[in-house]
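Below is one structure, written out as structure tokens; the observations come after it.
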Amino acid sequence: MKKIILLLFPLLCSCNGKTTLPGNSDSCDVDTTCLCPHATIVLQPYDNFTRKEAEKLVPVLQKHFDRWLFGRWNFIVNNPAPLPKTSFIASKNRYDVTPILNYERSIIKGNEIIVGLTHRDICTDSHGHKNYGIVGMSRLGNQVCLISDKRLSNKSDYWKVILHEFIHTFYSGKHCPNDDPTCFMKDAKGHGNFHRQNRLCDSCRRD
Ligand SMILES: [Zn+2]
Ligand SMILES: [Zn+2]
């Protein structure tokens, strides 16, 4: 009888492991490996972007990520961090994204994706201009991005920019090849019409 129990135990353990819910890791975690796309997404607020504001975003992002991206997305929220001093461009009152993305690279654990959140104006050298003001930037396939709501006329569009940058970051996704104004992956080209974006077009779908 004892032998039967011993033989059965690993089977039951495996079985439990397969039904483990996201975030409930246990000794059977090896069996929970999901073949579908999945990521732990760390929301990293900066400066005066509060932890509470980041926490409020989680259900919004969860809903839209689950709607538009096939996979399993687990969000966690970090405490606010100061913006790196070297990122501040005093003449423009903007923050250069490069030192901020470098900071994010330095705090990554494993395969997680860091999504930086700020109310400050951010910039990079782009469109032939130095310190060009932008709403978001990511390093393609390199686990880090930063999104600012400073330039958004409608703050409720913030999740759309986060989704856009996440697709760059996680999938190395490119801009919409159709330049479709309704597609979340349309290149803003300095004129973000986020209120018109309400889908991922057939070329950009991730479901
Ligand atoms: Zn598209
Ligand atoms: Zn983009």
Here FRET efficiency (C-beta to C-beta, Asn198 to Phe70, R₀ 22 Å, nearest 0.05) is 0.75
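Mind checking the dipole of the range 37-196: about its Cα centre, +1 per Lys or Arg Cβ, -1 per Asp or Glu Cβ, Debye to the nearest 20? Let's see the in-between values first.
On the way: 22 positive and 15 negative charges, 32 e Å.
Here the range 37-196 has a charge dipole of around 160 debye.
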Share (percent) of C-alpha pair distances in the range 68-110 greater than 17 Å works out to 49
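If you roll a 1.4 Å probe over the range 37-196 with all protein chains in place, what percent of the accessible area is carbon or sulfur? Provide the component values of the computation, followed by the final result.
Details: 3910 of 7820 Å².
Its accessible area is 50 percent carbon and sulfur atoms.
Highest mean first, how do 124-132, 174-182 rank when packing is the count of other Cβ atoms within 10 Å averaged over residues? Write out the running numbers ahead of the final one.
On the way: 124-132: 12.6, 174-182: 14.3.
By packing density, highest mean first, the sequence is 174-182, 124-132.
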Amide H neighbours of Arg94 under 5 Å, at least 5 residues apart or on other chains, H built in the peptide plane: list them. Ile89
Leaving out ligands and nucleic acids, note down the accessible area per residue over the range 37-196 with a 1.4 angstrom probe, in whole Å². 49
Over 20 Å [Cα-Cα, the range 37-196], rounded percent: 46
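Cβ neighbours within 10 Å, averaged per peptide: list 151-164, 64-77 in order, most packed at the top.
151-164, 64-77
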Could you tally the net charge around Asn79, taking each other residue with its Cβ under 14 Å from the Cβ of Asn79, Lys/Arg +1 and Asp/Glu -1? -1
Net charge (Lys, Arg +1; Asp, Glu -1) of residues whose beta-carbon lies under 14 Å from that of Val144, Val144 excluded, is 0
Using 0.36 nm times the number of residues separating Arg51 and Asp207, minus their current alpha carbon distance, what extension gain do you get? 53.2 nm
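The values are calculated or read from the model by the stated rules, or taken from the named source; none is laboratory data. Just so it is clear, the model here is predicted, and its values are computed rather than measured. With ideal geometry, Cβ positions are generated from the backbone for all residues, glycine too; neighbour counts draw on all protein chains shown. Just so you know, the surface numbers come from the protein's heavy atoms only, side chains and all, with ligands and any DNA or RNA stripped out. Shrake-Rupley method; radii C 1.70, N 1.55, O 1.52, S 1.80 Å.
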